[in-house]
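Structure record follows, encoded as structure tokens.
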Amino acid sequence: MSTNATISKVAFIGLGIMGGPMAANLVKAGYEVTGFNLTQPPIDALVAAGGKGATSIADAVAGADAVITMVPADPQVEAVMFGADGVLDNVAPGTLVIDMSSIKPSTSIAVGTAGAAKGLRVLDAPVSGGEAGAIEAVLSIMVGGEAADFAAAQPLFDALGKTIVHVGPYGAGQTVKAANQLIVAGNIQLVAEALLFLERAGVDTEAGLKVLGGGLAGSTVMARKGDSMRDRNFKPGFRIDLHHKDMGIVSEAARELGLVLPFGALATTLVAALRAQGDGDLDHSGLLLGLERLNGLADSPSDSAANTGNTGKVNA
Ligand code: NAD
């Protein structure tokens, strides 16, 4: 497509917890969306929502004006972009290539640089807002890349999110996303600590969180996850495994910058501990479970698979 052409055909690679509803929202907004995923059921769901299914990445991106990728981590982004059947070798010059996965800034810089050498318009555009934000099309989208390419992609972003900001060159979106994950992990841990503290003191936690939510202590984490944490429902949502990956990105980037982030380092360790106990598939609000274990209050780690559903409260 020429740089001024309207986007009509979108290829969407990675139709998981986030990518599935995002692709469906692009269909709703009137785009012709062709999806590819490693497993078939999410492709079938996109077709049921009015999109098209593809049999490979090359098949999905053929003739696309824009390609969006939403896969778990750096190795998957590298495979999807640089693989033999990958995006960069199978799209026409001028195509917008937008990676919305959360990965290392350095990988986004490598993808952007390689794409630009082929005449592609690459953006890193990681998101915040979780599964609910993806379904409701209210994601925050932090975008790195050329300003003109950001402007061209704006209509797509408008169909997916609410707060959409161009934050700098290739990789800058990922750096802002890393900061986001640092704040979210710390915030969840402190909401968990406050909740346990209120419970132990015998305070009605529904009332407690309600009033805290209206003051300086209130947060999106508290508003979105407070009730499920009170219920000990740790069904993902955003998996601990993915947050562990993101804290690795924060730690590595901070180290490269010569920065120490003491509270972030503690949050990184607490996320890693929960994962090491076999709970990588829990929602990141499962940090509350890790806190209970530290206090001798929770089941043994091997029993915690039950916590992916609403199992009621652990005695406190
Ligand atoms: P997910 O595991 O639910 O989905 C990833 C999808 O990518 C899977 O369906 C998988 O089959 C597919 N995939 C992997 N490799 C592929 C390949 N080579 N070709 C085609 N498809 C491939 O993960 P998710 O929760 O949707 O997260 C995706 C990204 O978004 C991650 O980087 C995550 O950190 C980030 N993110 C997630 C959330 C959240 O709340 N879940 C919020 C913000 C950001």
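The values are calculated or read from the model by the stated rules, or taken from the named source; none is laboratory data. Just so you know, these numbers come straight off a predicted model, no measurement behind them. Using ideal geometry, Cβ is built from the backbone for each residue, glycine included, and neighbour counts are taken over all protein chains shown. Protein only, heavy atoms only, side chains kept; ligands, DNA and RNA dropped before computing areas. Shrake-Rupley method; radii C 1.70, N 1.55, O 1.52, S 1.80 Å.
Report yes if residue 155 is surrounded by fewer than 22 Cβ atoms within 10 Å (Cβ to Cβ), more than 15 Å from the ligand (Cβ to nearest atom) and of a type outside the set (Gly, Ala, Ser), otherwise no. Considered against the rule, which asks whether it is surrounded by fewer than 22 Cβ atoms within 10 Å (Cβ to Cβ), more than 15 Å from the ligand (Cβ to nearest atom) and of a type outside the set (Gly, Ala, Ser), residue 155 comes out as yes. Scanning the range 111-132 for residues that are within 16 Å of the ligand (Cβ to nearest atom) and modelled with pLDDT of 95 or more yields 111, 123, 124, 125, 126, 127, 128. Within the range 108-122, being of a type outside the set (A, V, I, L, M, F, W, C) and either free of Cβ contacts under 8 Å to residues at least 60 places away in the same chain or open to solvent by 10 Å² or more (accessible area, probe 1.4 Å) (or both) holds for 112, 113, 115, 118, 119, 121. Restricting 237, 215 to residues that are outside any helix (DSSP H, G or I), of a type outside the set (Phe, Trp, Tyr), open to solvent by less than 30 Å² (accessible area, probe 1.4 Å) and outside the structural domain of residue 121 (by TED's automatic domain parsing) narrows the list to 237.
Search the range 81-104 for residues that are in contact (Cβ under 8 Å) with a residue 12 or more places away in the chain and pair each with any residue that is basic (Lys, Arg) and crowded, with 24+ Cβ neighbours inside 10 Å when their beta-carbon atoms are under 9 Å apart and the residues are at least 6 apart or on different chains. Pairs found: 102/177; 103/177.
Among the residues making up the range 132-147, those that are in contact with a Lys or Arg (Cβ under 8 Å, 6 or more places away or on another chain), open to solvent by 30 Å² or more (accessible area, probe 1.4 Å) and closer than 17 Å to residue 173 by Cβ are 140, 146. Report, by residue number, each residue of the range 6-25 that is under 22 Å from residue 90 (Cα atoms) and open to solvent by less than 40 Å² (accessible area, probe 1.4 Å). 7, 10, 11, 12, 13, 14, 15, 19, 23 - these are the residues of the range 6-25 that are under 22 Å from residue 90 (Cα atoms) and open to solvent by less than 40 Å² (accessible area, probe 1.4 Å).
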